[in-house]
Structures are given as structure tokens and as C-alpha cells.
Amino acid sequence: MKRFLSLLIPLCMLLALMAPALADGEITVTEIQKYGNLVLSLKGSELLNQGYDYGDIVTAAINGADYEMPVGSNYSDVDQGTMICRVVIKEDTQEDCVTLAINMGDLATTSGIAVKEKIEADPGYVWHYQVEEPVAVTIAMKEKGGYYDQYVMHQLVRSEDRASYPDLTDEQYANFREVKVGNIGAGKLYRSSSPVNPEINRNREADAAAAAAGVKTFINLADNEETMKAYEGFADSYSAGQKVICLNLGVDFAADDFKAGLAEGLRFIAANEPPFLVYCNEGKDRAGFICAVLEALMGATPEEITADYMATYYNYYGVQPGTEQYDVIAASNIQKSLAAAFGMTSIFDGDLQAAAVDYLTTIGVSAEDIAAVQANLAAN
């Protein structure tokens, strides 16, 4: 593939020159989504018709600053903390849009165009613009095909149809599993996709699995209480009758509000009884990060943490251990984000348990609550 692309360099340079810059006044920000993603007035089909394509690298000018980012179709096409120009064109859902975003980050705040306020009413947030509206954006070609190899490596396809996963159990389909690494005792900690949000059509399986496991305490990372209770079927779910905390966390692990919410969640675990279920929407990123922190706290090895995190990529995308794609995803996601949070060069170098204690202490979890979390998760 690399040799093939090298032969196309002269043509790619020509195409890059031919693709026009899409200038201020032509493109504006029409919506800021919950996690700070910027939805543009430009349609995805319009961008592609102008000579841009998946795997290109573009420069987006926002609020007086230039940001380089690849064109991709999914947030997972880039590493966590990396920007993406996401182009989605789906006939079945009538989507045709361009969104500028940071994978597991907040571009609205990073670019300085708005600040988010958490509210109790649905949908749980409101954005306050800090610059004059509408916000203009320019997109220009930086490098034709410059990200193509990485784009291909990151391609992940998921279905929301249960029939598309005949080889998975209902628990796997729901990304539901028991966390049994390090010193975590049997039947103490579970993770899952949302048992209440029907958006990805896994809530019924997740809720049933939680009931079968006898989960008593739910940590909902994605919603506030009003949003959670508004989901269709929530009142009849198993989880509705259990103890639940709604943290309404963002997806930027380095943000102060994320750390404050995580600390609140840890105090909730310290004060309540297992079994616990940690979930967000997919049970992949926020749940994956927080479970990794808990696993490190309980003495899990880097290999155990990586394997548990990557089980999600098998359940959703069929990514197999031992493949290059598996290694790329693990290195660019949980290994990278956990090392950054713990202030480590690599999670394979150093004492992860001590790093987890230091991290939780830094974000405001007391020594007593850390000890209580460890006691609640440990084998009897």
C-alpha cells in the first residue's frame, strides 16, 4: 500500500492543488454537540465533491487559529486526543454532514468559541458562545492522502442489529462483562453498554445481564437523571429499581469537570455495596477508562488492563488479539490515555497501582475513600 501511494505522489499533489479552499462565509458552525463537536453548515457530500476524500489531511481555520486534521468517517479513525474532520453520509439515516471534533476531547472549548454549562434539565448541558455568531470556518487541503494508511488501519464497522452478531452471546453483544483482573473479587465489578439508552439497540440485553448478575449499584457516566429517566422503557427496566448515580461526564479525560465527576463516582462506589456496574453509552471509552483506573488500583497488570479494554473492540468490531489493528488500537487508546492521566511515559514502565492511588488523590478522592473502594472490590 505504501509503495502504491508513493507512486501516486505527483498525482496527489496535483489533486491537492485542485481541491479548493472552502472559505469563511461559505461554512459556519451550525451546532455544538454535547461533547464539544462542531457541526458545520457544509454537507459531507459537498466536501467530497470538491475533491476531498477520506484519508486526506486538511487545515481547518477556526476562531483565528489553524488546526490540522485528517478526514475520516468515525471518531475512532484517529487516536484519543486527536482532531478529526468527520464526514458522515448515510442514506438509511439521511445523514450528510461534516463535524470537526477531537476524539475524546472538546473542540468547542479548545478553540475558544464556547464554554459548556451543565444543567439538570434534559439534555443536561447548554453551550454559551464566547465569540460572535455565526462562527465562520475555512477548510483547505494540507496533504492529499497523507493519512490514508492510518485511516485504513483504524476502519471499524459496527452494526446495531442483533442478527449481525450470530457468534456473540447476548452479554457480548451488549458489551457486558465481569471485570476479574488484579485483586478484584468475583461478582464485584461489571462493565457494559447502557442498560437504559436504546440508541445503539443494546439496552435490553445489558439490562437483562445486569439483572442476572444481581447488580445492586449502577454508575451511569453518560446521562443526568432527567435524561436517563426519559428513555423509553426506563421505568420498566431492572436498573430503574436499583441504586444509580448519574454523572453526566464529558469525554475529555483531562478536563476538570471529568476529574470531579470521576471523584464523585469513586466516592459513590466507596459508600455503596457491590456488585457494581460501570457504563456509558457504548461501554467503550468513558467506561473503559474508569474501569482501567479501577483495575490499576486493584493491582492489575498492563496486559490485563489492555485485554479487558480490547474485549470491547472484539464485541463491536471483531478485532482479534495478535493482529496489527489490535495493537494499534490498544496503543493509541487505553495505553495512551491511562499513561497520560498517570503521568507515565508508558503503562508498562512503573508501578500502576501506586500511580492510580496518586492520580485519585490528585483529583480529590480521600485516602479513606480509596481504601473503601479497594475493600468493596476485593475478594471476600
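The values are calculated or read from the model by the stated rules, or taken from the named source; none is laboratory data. Every value quoted in this text rests on a predicted model; they were computed, and no experiment measured them. Neighbour counts run over all protein chains shown; Cβ positions are idealised from the backbone, glycine included.
Within the stretch 348-380, the set of residues being aliphatic (A, V, I, L, M), within 17 Å of GLU304 (Cβ to Cβ) and in contact (Cβ under 8 Å) with a residue 40 or more places away in the chain comprises LEU352, ALA355, ALA356, LEU377, ALA378, ALA379. Listed by first and then second residue, the pairs with beta-carbon distance under 6 Å, at least 6 apart or on different chains, first residue in the stretch 319-347 and modelled with pLDDT of 95 or more and of a type outside the set (Asp, Glu), second part of a loop (DSSP other than H, G, I, E, B) and surrounded by fewer than 16 Cβ atoms within 10 Å (Cβ to Cβ), are ALA339/SER346; MET344/GLY350. Mind listing just one residue for me: the one in the stretch 314-329 that is under 15 Å from VAL78 (Cβ atoms) and surrounded by 16 or more Cβ atoms within 10 Å (Cβ to Cβ) and, of those, farthest from the chain's Cα centre (by Cα)? Here the answer is GLN325. When residues in the stretch 76-93 are screened for being within 19 Å of LEU47 (Cα to Cα) and in contact (Cβ under 8 Å) with a residue 60 or more places away in the chain, 1 of them pass. Among residues belonging to the stretch 220-231 that are in contact (Cβ under 8 Å) with a residue 12 or more places away in the chain and of a type in the set (D, E, K, R), point out the one that is surrounded by the most Cβ atoms within 10 Å (Cβ to Cβ). Out of the qualifying residues, it is ASP223.
Take the stretch 223-255 and flag every residue that is farther than 30 Å from ALA340 by Cβ and either within 21 Å of the chain's Cα centre (by Cα) or not in a helix (DSSP H, G or I) (or both). Passing the criteria: GLU225, TYR231, GLU232, GLY233, SER237, TYR238, GLN242, LYS243.
Only residues that are out of contact with any Pro (no Cβ under 9 Å at 6 or more places or on another chain), buried (at least 19 other Cβ atoms within 10 Å of the Cβ) and outside any loop (DSSP other than H, G, I, E, B) were counted across the stretch 178-219, and they come to 4. For the stretch 142-162, the set of residues classified as outside any helix (DSSP H, G or I) and out of contact with any strand residue (DSSP E or B) (no Cβ under 6 Å at 6 or more places or on another chain) consists of LYS144, GLY145, GLN155, LEU156, VAL157, ARG158, SER159, GLU160, ASP161, listed by residue number. Restricting the stretch 256-273 to residues that are touching a strand residue (DSSP E or B) at 6+ places or on another chain (Cβ under 9 Å), touching a residue at least 40 places away in the same chain (Cβ under 8 Å) and not in a loop (DSSP other than H, G, I, E, B), the residue that is surrounded by the fewest Cβ atoms within 10 Å (Cβ to Cβ) is ASP257.
If you take the residues of the stretch 92-121 that are at pLDDT below 95 and over 21 Å from the mean Cα position of the chain (by Cα), which of them is surrounded by the most Cβ atoms within 10 Å (Cβ to Cβ)? Result: ILE119. Within the stretch 274-282, one or more residues are closer than 24 Å to GLN150 by Cα, assigned by TED's automatic domain parsing to the domain that holds GLY364 and in a loop (DSSP other than H, G, I, E, B).
A quick yes/no check of all residues on (1) over 23 Å from VAL157 (Cβ atoms); (2) surrounded by fewer than 20 Cβ atoms within 10 Å (Cβ to Cβ):
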position	(1), (2)
LEU249	yes, no
ALA254	yes, yes
GLU282	no, no
VAL293	yes, no
THR345	yes, yes
ASP351	yes, yes
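The condition (being of a type outside the set (A, V, I, L, M, F, W, C) and at pLDDT below 95) is satisfied by just one residue among GLN172, GLN155, GLN242, GLN130: GLN155. Of the residues contained in the stretch 52-63, one or more are found to be touching a strand residue (DSSP E or B) at 6+ places or on another chain (Cβ under 6 Å), β-branched (Val, Ile, Thr) and within 26 Å of GLU117 (Cα to Cα).
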